[in-house]
Structure formats: structure tokens, C-alpha cells
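S.K.: Dropping the structure in here first, questions after.
The values are calculated or read from the model by the stated rules, or taken from the named source; none is laboratory data. All figures in this text were calculated on a predicted structure; none of them were measured in a lab. Here the Cβ positions follow ideal geometry from the backbone for every residue, glycine too, while neighbour counts run over all protein chains shown.
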Amino acid sequence: MDYRGNQQQQNTQFGMPNKIATEFMMQYGQDLVGQGSQVVNQKLGSFFSMSKIKYYFAVDNEYVAKKLAVLLFPFARTNWHVQFESNGTPVPPRSDVNAPDLYIPFMSLITYVLLSGIVLGYDNRFDPEQIGILSSQAVFWLFVENVILSFVIYVMNITNNLSYLDTLAYTSYKFVGMILILVAHLIYPSKLLFYLTFAWASVAIAFFLTRTLKVQILAQPVSGYNYYSGDYSQGTQPKSHVSFLLFIALIQPLMTYCLTSKTIFGSILF
């Protein structure tokens, strides 16, 4: 009887904060989605045409399911070429799973922030201000990453078929793996499981980006090159292109580790 009484008391003490934190995060998530959509339309609309932005959100449920499968299990896929219309414009993401999109990155970022809040709640570290800090940190480092990549592309004169929105989409796919890590921690909190899921997410995103960007960076228009057929020669490209490709692929696990370990353990583990 005493054990049951103590157990019920513990559930009352720790269950209520977790429930409150979860309810707060759900409401916060709904508000964040609405506000985030307005910010995306306003901010991106001031730099890019709306028709170009709408292209990256032209997705459907089938595309999202297939894309998530490719992001988490990319190893068996062999075709990484983006499809094009007869006039040379890329087909929308809903018609080509290899096309970059911003819908999955946007929703993944929001989901990552919400799950981070739930993790903090379960560990009795929840603070509404932390949610703003987590989201700001994620967006800030994503912005810094893309600024650095744009600077490196300019300085090293790396020819590629990537627009800024393409780069933003590809570098934001890391949040899918980060969600996997947080979900695994919520199911079974363990350092071993954290490192296992982190290893899988890191290898998956690195493999995905290496295969995807190989077509965009190494396969550049050269004499006799046919972009639509997918034929290319890596031998004509300088080593800087290969180094840049590896840099993009390897920086994703670093950012994933820093953001998730700080959320789960309260500090970055080395």
C-alpha cells in the first residue's frame, strides 16, 4: 500500500508538469505553424518571386511519404537525377521525389522544436523561453551554414545547378534525422540509443546529400555533356568541387549532434 501510495504521488508530481508541457507545446505548435507560414510568405516573397517559392511547396502526401523514406533509407536508391519538363524547367516535387522542396524542411523544423519542448518537459527542464531559444538557435545556425556555403561557392568559383532555395532545402533535411533521434529518446532514454540513432541519421543524410549533390555539383555542363540524359564526367571537375561536396555532407552530422545532444543532455557531449 505504501509503495502504491508513493507511486501515485510521484505520478501526480511529475505527470502534471509533463501534461501541461505537452498541451502547451501542442498549442504552441499550432500557433507556430500559422505564424511561420506568414513569415515564410512575407520574407521569402521579398527576395524571390512567389511562383518560384510555390514550386518548393508543390507537394502531396505521396511525395512526402516517399521523400521521408528516401531521407531515412537512401542506401538502396539508384536514380538521383532531377526530372525536367520539355522546356527545361524542373518538374514540381510532387512529380519527382528527387526534386528539392521546402515543405518537409519547414514542417520538420517545427516538429523538431515541439519534440524538443516535450523532451525538456519529460526531464523536468521545460521552460517556455527555452522553446524560443531552441527555434532561434536552429534557424540561426541554418542561416550561418547557408551563408558559409554561398561564400565558399563564390570564392572557390564552384559551378553548380543549385539555387539558394535548393541549398536551403537540402541543408534543412537534417531535421528529419533529428526528429528520429528525439523520438527514440522519448521512447527509451539511453545514451547508447542516442548514439545509435545519431549514427544512422548521420550516415543517411550524408549518403543522401552526397548522391543528390553529386549530380548538381560534379555533373556540370562540359563539352559533349547532356544534362537530360544524366551523362557526365567527374574527371573534368577540379578537386575543390569534390571537397565542397564532402564538406556539405559532413557538416550535417556535426550540426545534428550539437543541437540534439544539447536538447537531450543539457549540454554538448564530446
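Every residue, every condition in (1) without any contact (Cβ under 8 Å) to a residue 40 or more places away in the chain; (2) more than 24 Å from residue 244 (Cα to Cα), yes or no:
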site: 68; (1), (2): no, yes
site: 104; (1), (2): no, yes
site: 125; (1), (2): no, yes
site: 141; (1), (2): no, no
site: 147; (1), (2): yes, no
site: 153; (1), (2): no, no
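S.K.: Please indicate, with yes or no, whether at least one residue in the range 60-79 is crowded, with 18+ Cβ neighbours inside 10 Å and in contact with a Gly (Cβ under 9 Å, 6 or more places away or on another chain).
M.R.: Within the range 60-79, one or more residues are crowded, with 18+ Cβ neighbours inside 10 Å and in contact with a Gly (Cβ under 9 Å, 6 or more places away or on another chain).
S.K.: Something else about it: Of all residues being out of contact with any Leu (no Cβ under 6 Å at 6 or more places or on another chain) and β-branched (Val, Ile, Thr) in the range 94-118, which is farthest from residue 171 (Cα to Cα)? Just the residue, please.
M.R.: For the range 94-118, the residue satisfying everything is 118.
S.K.: Please go through the range 155-164 and pick out each residue that is in contact (Cβ under 8 Å) with a residue 60 or more places away in the chain and surrounded by 16 or more Cβ atoms within 10 Å (Cβ to Cβ).
M.R.: If the condition is that a residue be in contact (Cβ under 8 Å) with a residue 60 or more places away in the chain and surrounded by 16 or more Cβ atoms within 10 Å (Cβ to Cβ), then 158, 160 are the ones that fit.
S.K.: When you scan the range 192-205, how many residues do you find that are in contact with a helix residue (DSSP H, G or I) (Cβ under 8 Å, 6 or more places away or on another chain) and within 17 Å of residue 259 (Cβ to Cβ)?
M.R.: Summing the residues that are in contact with a helix residue (DSSP H, G or I) (Cβ under 8 Å, 6 or more places away or on another chain) and within 17 Å of residue 259 (Cβ to Cβ) in the range 192-205 gives 8.
S.K.: Please determine whether any residue of the range 261-270 is part of a loop (DSSP other than H, G, I, E, B), at pLDDT below 80 and over 23 Å from the mean Cα position of the chain (by Cα).
M.R.: No, because not a single residue in the range 261-270 is part of a loop (DSSP other than H, G, I, E, B), at pLDDT below 80 and over 23 Å from the mean Cα position of the chain (by Cα).
S.K.: If you don't mind, another one. Considering only the range 85-118, state which residues are within 15 Å of residue 70 (Cα to Cα), in contact with a strand residue (DSSP E or B) (Cβ under 9 Å, 6 or more places away or on another chain) and surrounded by fewer than 20 Cβ atoms within 10 Å (Cβ to Cβ).
M.R.: Passing the criteria: only 96.
S.K.: Any residue at all in the range 104-126 that's within 20 Å of residue 162 (Cβ to Cβ) and among the acidic types (Asp, Glu)?
M.R.: Looking through the range 104-126, none of the residues is within 20 Å of residue 162 (Cβ to Cβ) and among the acidic types (Asp, Glu).
S.K.: Considering each of 192, 213 in turn, give the residue that is hydrophobic (A, V, I, L, M, F, W, C) and either under 21 Å from the mean Cα position of the chain (by Cα) or not in a helix (DSSP H, G or I) (or both).
M.R.: Only one candidate passes the filter, namely 213.
S.K.: Give the residue that is farthest from the chain's Cα centre (by Cα), with candidates limited to residues of the range 174-189 that are surrounded by 14 or more Cβ atoms within 10 Å (Cβ to Cβ) and of a type in the set (A, V, I, L, M).
M.R.: 184
S.K.: Here's another thing I want to ask about it. Identify, please: which residue in the range 133-160 is part of a loop (DSSP other than H, G, I, E, B) and within 19 Å of residue 249 (Cβ to Cβ) and is, among those, nearest to the chain's Cα centre (by Cα)?
M.R.: Residue satisfying both the conditions and the ranking: 160.
S.K.: Anything in the range 66-102 that is out of contact with any helix residue (DSSP H, G or I) (no Cβ under 9 Å at 6 or more places or on another chain), of a type in the set (D, E, K, R) and assigned to a helix (DSSP H, G or I)? List them, or say none.
M.R.: Result: 66, single match.
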